[in-house]
1. For segment 125-271, what relative contact order do you get, as a whole percent, if you take Cα pairs closer than 8 Å and at least 6 residues apart?
2. Around Val98, under 13 Å between beta carbons, what's the net of Lys plus Arg minus Asp minus Glu among the other residues?
3. Working from the pairwise distances between different alpha carbons, so that the mean of 1/r is found and then inverted, what is segment 80-167's Kirkwood radius in Å?
4. What GluC sites (Glu not before Pro) does segment 153-244 have in DSSP loop regions with at most 12 other beta carbons within 10 Å?
5. Could you give log10 I(q)/I(0) at q = 0.09, 0.11, 0.17, 0.20 Å⁻¹ for segment 166-271, computed by the Debye formula over C-alpha point scatterers of equal weight, without solvent?
6. Expressed in nm to one decimal, what extension gain is obtained for the pair Gln178 and Ser205 from 0.36 nm per residue of sequence separation less their Cα-Cα distance?
7. Using the alpha carbons of segment 92-132, what is the convex hull volume per residue in cubic angstrom, as a whole number?
8. Give me the lysines in straight-line cross-link reach of Lys206: C-alpha distance below 25 Å, same-chain residues under 8 apart excluded.
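Bear in mind these aren't lab numbers, they're just calculated from the coordinates by the rules spelled out. No experiment lies behind these values; they were computed from the predicted model shown. All Cβ positions, glycine included, derive from the backbone under ideal geometry; neighbour counts span all protein chains shown.
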Amino acid sequence: MNNQKRPIGIFDSGIGGLTVAKAVKEALPHEDIIYFGDTARVPYGIKSEETVRMYAMEITQFLLDKGVKMILIACNTVSASAKEDVVRLAGEVPVLDVISSGVQTIKEELRVSEPTVGVIGTLATVRSEAYKKALESTYSQIQVVQEACPLLVPLAEEGWIDHAVARLTLEHYLQAFQDQSLDAIILGCTHYPLFKPLISELLSSKETLIIDSAVSIARTAKDYLEHQDGCNNQGGSFSCYVSDRPQRFQELAERFLGHELSHIEIVRDWT
Ligand code: DGL
């Protein structure tokens, strides 16, 4: 298959990475996309780094076997714990990740020289301090306040994105920022943009910039492919692979994407 016609691979632990897939479809409507959601093993954010790395390797190999021309790590937890391993395994296939894109977005959009930035993410992402380190190396004066929100991923996977329980849970987590005047808050987990309307309503300041790295990673992917003359002008398919409960995934994904999924398949055998 010629390079341009090869698909783009995107993966996450579950439905969260669809926020990235949607942005990629908008930026590059004629690309074929292969999406992998590891629904049998979600959530990743409460697991050890070694385990997340092992999962990431298996999925990367799966995508490489499908002949992808680019891999987007649509999971902050994997970006924080396993990006180097994914890059190594991918070899010549370029790899983009949501943490680099999130930091890039802050640099482009935040017009404050000594900002206070909130980061919400999984336990693993917050513990890795990946955002904190990247932001502190970008700004000479910055205050970064992090809060792990482990209950949000199960709520999103359950489709409870506008449920009263989601509101209560977010109210609790966002209390961590009540004494801060946040210039920006990073949605440091790709499941969290699903709660964006609620987050925006609950933040004490309406001036706080809400950073979701999906649009930025999609833009970087587009720039890269255009630059390498690697864009496909004739595709546009969207194939999903999951490791468990395909019907459930399909239902949630179709609701979020606003169209039917034409291809959804379960993967059980990694060898
Ligand atoms: N959506 C993922 C992230 O961005 C994974 C969440 C999880 O599985 O815990 O971190």
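1. Once normalised by length, the contact order is 16 percent.
2. Result for the neighbourhood of Val98: -1.
3. Numbers: mean 1/r = 0.0665 Å⁻¹.
Hydrodynamic radius (Kirkwood, Cα only) of segment 80-167 equals 15.0 Å.
4. When the GluC sites (Glu not before Pro) of segment 153-244 are filtered for loop state and at most 12 Cβ neighbours within 10 Å, Glu207 remain.
5. -0.39, -0.57, -1.02, -1.11
6. Details: separation 27, 0.36 × 27 = 9.72 nm, distance 0.96 nm.
Here the answer is 8.8 nm.
7. Measuring per residue, one finds 97 Å³ for the Cα hull of segment 92-132.
8. Lys107, Lys132, Lys196
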